[in-house]
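Below is one structure, written out as structure tokens; comments come after it.
The values are calculated or read from the model by the stated rules, or taken from the named source; none is laboratory data. Remember, predicted model here, so these are calculated numbers, not experimental data. All Cβ positions, glycine included, derive from the backbone under ideal geometry; neighbour counts span all protein chains shown.
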Amino acid sequence: MAVAGLVVAVLAVLALLAGVHRYLWRRLVGDTTARGSALRRAGTVAAYVLPLLSVGALVAGRAGAPFWLQRVLAWPGYLWLAAVLYLTLALLVGEAVRPLLRRVLAGRADRTEGAYADPMPTGGAPFTPPSPGANPPETTAPSAPATLLADAPAPGRPDTPTRRLFVARAVGGAAAVAGLGTVGYGTYGVLRGPRVKRITVPLAKLPRSAHGFRIAVVSDIHLGPILGRAHTRRIVDTINRTQPDLVAVVGDLVDGTVADLGPAAEPLARLRSRQGSFFVTGNHEYYSGAAEWVDQVRELGLHPLENARVEIGGFDLAGVNDVAGESEGQGPDFARALGDRDRTRAAVLLAHQPVVIHDAVAHGVDLQLSGHTHGGQLWPGNYLADLANPTGAGLDRYGDTQLYVSRGAGAWGPPVRVGAPSDITVVELASLRA
């Protein structure tokens with residue numbers, strides 16, 4: 001039954017993609033180009049090739065394709081997925097604009113026809129026919145723009161090819177500029193690197209000696225066929241400039257194996273903080289060989305917290321494995337990480353997914369630091385992120401436990417962010433006793 005359900009879901013997604021691409025072809029190619037023209041042929045070829053590249057980018061890693069092939073497919077394939085989203089949204093807006101534009105053109109055509117009609121001048125003498133043998137009076141031909149507009153009939157008359165083509169090109173061109181411009185700006189935001197956010201979180205149990213302790217939280221770096229070593233260097237340099245007391249890498253570091261992405265992760269060895277750098281797994285580590293990556297980050301100088309806890313000056317720092325590890329018998333174990341601790345001490349928990357917040361509340365955690373959601377990454381995905389998670393992004397409170405969710409420092413799939421900028425967050429702990 002599970003396999004049958006998966007097949008049905010895959011077929012539904014493929015049918016949806018086919019329908020969306022048919023719609024895009026019709027509005028951007030079929031309605032705007034002449035039958036048999038070179039532009040129409042090129043647009044038709046693109047309508048077939050680009051979705052194939054997208055499917056290839058999605059399945060190449062899981063299918064074990066060579067890493068060089070994953071990189072070749074990733075850029076065009078993933079960027080086209082983002083372009084499909086925003087081109088479709090822009091064209092749907094254009095569907096509402098299209099009849100309004102036709103009405104405006106029809107109104108201008110009516111006014112033009114009236115201007116070049118031959119009514120009797122107001123207040124003038126009645127028309128006198130010319131005498132026999134006289135030359136007919138000279139007339140002035142309408143200008144070219146007036147003739148073009150006269151081809152557009154008033155509402156109620158049959159539409160004309162000239163007006164249909166003008167409206168299709170105007171709406172299609174505007175949609176292309178808006179959609180592709182949005183993708184371009186969102187790509188620039190990811191490649192530029194994450195910006196630093198700063199928040200202060202008061203903890204009732206935090207002693208005065210730990211007041212002002214700063215944790216640099218970074219999640220969802222997503223090293224892979226697009227974001228590589230240069231991306232890691234940008235993140236490390238940004239974190240080091242904040243001079244944190246502690247660095248917390250909260251899962252989804254990679255989308256690939258140690259063999260393919262080990263060199264891309266090496267700059268993490270340059271992380272600098274007073275109390276060290278700590279790591280917990282995310283769901284994507286379990287798609288990429290979690291055990292190997294835990295060993296790899298340990299060699300780079302990070303301290304993996306696999307359902308474990310350490311005492312930092314003034315509070316406990318705990319970490320749990322991601323829930324995706326349950327399929328390998330390596331899921332989160334709150335009893336092991338937090339069960340025997342002194343609850344008079346403040347506790348900060350590193351957990352990749354916000355959905356475990358209720359377990360954190362039950363175990364007396366004061367602050368949970370998470371990622372996973374990307375803040376939705378691509379608007380309107382933020383609404384889906386809010387529906388699927390207790391908190392989509394930012395700081396929230398659940399009973400006596402506070403939850404902070406980072407939008408992440410990278411991007412999964414399309415290297416594009418719209419309405420959900422990437423971040424590294426410096427969380428400053430504040431003692432209420434200070």
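Of the residues G410, G375, which is crowded, with 20+ Cβ neighbours inside 10 Å, under 18 Å from I235 (Cβ atoms), touching an Asp or Glu at 6+ places or on another chain (Cβ under 7 Å) and touching a residue at least 40 places away in the same chain (Cβ under 8 Å)?
Working: G375 fails: touching an Asp or Glu at 6+ places or on another chain (Cβ under 7 Å).
Being crowded, with 20+ Cβ neighbours inside 10 Å, under 18 Å from I235 (Cβ atoms), touching an Asp or Glu at 6+ places or on another chain (Cβ under 7 Å) and touching a residue at least 40 places away in the same chain (Cβ under 8 Å) holds for just one of G410, G375, which is G410.
Only one of the numbered conditions (1) without any contact (Cβ under 8 Å) to a residue 24 or more places away in the chain; (2) within 20 Å of P380 (Cβ to Cβ) is not met by G30, and that is (2). Output the residue which, of all residues in the stretch 398-434 that are farther than 30 Å from V72 by Cβ and among the small types (G, A, S), is modelled with the lowest pLDDT. Selected residue: A434. Could you check the stretch 1-46 and list, in sequence order, the residues that are modelled with pLDDT of 90 or more and outside any helix (DSSP H, G or I)? Correct list: D31, T32, T33, A34, R35, G36, S37. With the requirement that a residue be more than 12 Å from V97 (Cβ to Cβ) and surrounded by 15 or more Cβ atoms within 10 Å (Cβ to Cβ), what does the stretch 169-178 give you? Result: A176, single match.
In the set G36, G5, only one residue is in the same structural domain as T162 (by TED's automatic domain parsing) and on the phi > 0 side of the Ramachandran plot; that residue is G36. Number of residues in the stretch 19-38 that are aliphatic (A, V, I, L, M) and either under 15 Å from G94 (Cβ atoms) or surrounded by 14 or more Cβ atoms within 10 Å (Cβ to Cβ) (or both): the value is 4.
If you filter the stretch 40-74 down to residues that are among the polar types (S, T, N, Q) and under 23 Å from the mean Cα position of the chain (by Cα), you find that the one that is surrounded by the most Cβ atoms within 10 Å (Cβ to Cβ) is S54.
Checking every residue in the stretch 389-401 against the condition of being more than 21 Å from the chain's Cα centre (by Cα), among the hydroxyl-bearing types (S, T, Y) and farther than 18 Å from S219 by Cβ gives at least one match.
All conditions but one from (1) more than 23 Å from I215 (Cα to Cα); (2) within 15 Å of the chain's Cα centre (by Cα) apply to A409; the one that does not is (1). If you check Q368, Q402 for being polar (S, T, N, Q), in contact with a Leu (Cβ under 9 Å, 6 or more places away or on another chain), buried (at least 24 other Cβ atoms within 10 Å of the Cβ) and under 26 Å from A210 (Cα atoms), only one passes: Q368.
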